[in-house]
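> First the structure, which I've put down as structure tokens, then a few questions once you've had a look.
The values are calculated or read from the model by the stated rules, or taken from the named source; none is laboratory data. Everything quoted here is computed from the prediction, not taken from an experiment. Please note: Cβ atoms are built from the backbone with ideal geometry, for glycine as well, and neighbour counts cover all protein chains shown. Remember, those area values only see protein heavy atoms, side chains included, never the ligands or the DNA or RNA. Shrake-Rupley method; radii C 1.70, N 1.55, O 1.52, S 1.80 Å.
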Amino acid sequence: MTRVLVVEDDPQLVRALVITMRARRYGVDAAPDGATALRLAATRPPDVVMLDLGLPDMDGVDVIRALRGRSRVPILVLSARHAAGDKVAALDAGADDYVTKPFGTDELMARLRAAVRRTEDTPLALGTTRVETAGFTIDLLAKKAVRQGHDVRLTPTEWQLLELLVTRPGHLVTQRYLLQEVWGASRSGHTNYLRVYMAQLRRKLEPDPAHPRYLITEPGMGYRFEG
Ligand code: CA
């Protein structure tokens, strides 16, 4: 049974989530604040954490950092619509995905399944050297990309960006993270760099660059590789 730790201080929402998830055969623990969440996560390690960012005792982002200090458990953030900056901070701290409140049950359950599936099927694939999709093949060690039987030439910067994305399949990788890793901390505001380089990568790798299916933009947040 997949065990979910719900960290949320709105009792009505908790009640609805518990009913929804138990009906789908998830095991559910609930914590109304960050301290309880961290205690529960230590004593009964969950398979996935569903976390509200606005908690009464501590910032949800600090809860993420504390969890990440000791575990790779997938963390799905429940975030208020207006708080785009909070979402980015949560993702930068190590959250895996977010759902914006108010959300539908179907969407939430789909995100939950995806978060669990990703850790089961594709643990953060940092040791990956080869990525194959229906559209292209990438060998990260040999720095070789092939599309429809032809070698594709990528610049060193394009390789760096591509590697950061394809080794985190399905994960939203934030703009700030990509900018810091590729260009350094001083350039972390230059999202225009990312737009330019992502457009180049798509032109070289995507079957239809105007409608990307592998290198996906999450507007205002970052990018995601769907393999
Ligand atoms: Ca709250």
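> Mean separation of Cα pairs under 8 Å and 6+ residues apart, divided by the residue count of the stretch 125-225: what relative contact order is that in percent?
It rounds to 25 percent for the stretch 125-225.
> Can you list which of the trypsin sites (Lys or Arg not before Pro) found in the stretch 8-91 are DSSP loop residues with at most 16 other C-beta atoms within 10 Å?
Working: sites: ARG15, ARG22, ARG24, ARG25, ARG39, ARG65, ARG68, ARG70, ARG72, ARG81, LYS87; in loops: ARG24, ARG25, ARG70, ARG72, ARG81.
Answer by residue number: ARG24, ARG25, ARG70, ARG72, ARG81.
> Amide H to amide H under 5 Å from PHE103: which residues, 5+ apart in sequence or cross-chain, H placed 1.01 Å off N in plane?
Sorted by chain and number, the residues that satisfy this come to none at all.
> Here's something else I'd like to know. Which of the lysines could be linked to LYS87 by a straight reach, that is with a Cα gap under 22 Å, when you skip same-chain ones fewer than 8 residues away?
LYS101
> Where does the Debye-calculated log10 I(q)/I(0) of the stretch 93-227 sit at q = 0.19 Å⁻¹, using only Cα point scatterers of equal weight, no solvent?
Evaluating at q = 0.19 Å⁻¹ gives log10 I(q)/I(0) of -1.19.
> Once Rh is set to the Kirkwood radius over Cα pairs, what Stokes-Einstein translational diffusion coefficient, in µm²/s, holds for the stretch 3-117 at a temperature of 25 °C and a viscosity of 0.890 mPa s?
On the way: Rh = 13.7 Å.
Translational D for this selection: 179 µm²/s.
> Compute, for the stretch 125-225, the length of the dipole vector about the Cα centre, with Cβ point charges of +1 (Lys, Arg) and -1 (Asp, Glu) only. Units Debye, rounded to 20. Can you show the working numbers first?
Working: 14 positive and 9 negative charges, 26 e Å.
Dipole of the stretch 125-225, to the nearest 20 debye: 120 debye.
> At what distance in nm do the modelled label points of ALA199 and ARG117 sit from each other, each positioned 7 Å from its Cα along Cα→Cβ?
So the label points at ALA199 and ARG117 sit 3.3 nm apart.
> State the percent of C-alpha pairs, over all pairs in the chain, separated by a distance greater than 31 angstrom.
On the way: 6786 of 25651 pairs.
Distances greater than 31 Å cover 26 percent of the Cα pairs.
> OK, next. Scan around LEU78 for amide H atoms under 5 Å from its own, H built in the peptide plane at 1.01 Å from N, and keep only partners 5 or more places away or cross-chain.
Amide H to amide H, under 5 Å and 5 or more residues apart or across chains, LEU78 pairs with LEU51, ASP52, LEU53, VAL99.
> Roughly how many Å is it from the Cα centre of the stretch 26-44 to that of the stretch 78-116, as a whole number?
That distance is 18 Å.
> Still on this structure, I have one more. Just how much of VAL146 is accessible, in Å², when a 1.4 Å probe is used and the result is rounded to the nearest 10?
The value for VAL146 is about 40 Å².
> If you average the sequence gap of Cα pairs under 8 Å that are 6 or more apart and divide by the length of the chain, what percent do you get for the contact order?
Computed over the chain, the figure is 13 percent.
> Can I ask one more? Only loop residues by DSSP count here, and only those with at most 15 other Cβ atoms within 10 Å; note down the trypsin sites (Lys or Arg not before Pro) in the stretch 136-227 that meet that. Working shown, then result.
Values: sites: LYS143, LYS144, ARG147, ARG153, ARG176, ARG187, ARG195, ARG202, ARG203, LYS204, ARG213, ARG224; in loops: LYS143, ARG153, ARG213.
Those that pass, being in a loop and sparsely packed, are LYS143, ARG153, ARG213.
> Additional query: Rounded to the nearest 0.05, what FRET efficiency do HIS211 and THR43 give with R0 = 45 Å and r taken as the Cβ-Cβ distance? Could you check? Walk me through the numbers on the way to the answer.
On the way: r = 47 Å, r/R0 = 1.05.
After rounding, the FRET efficiency stands at 0.45.
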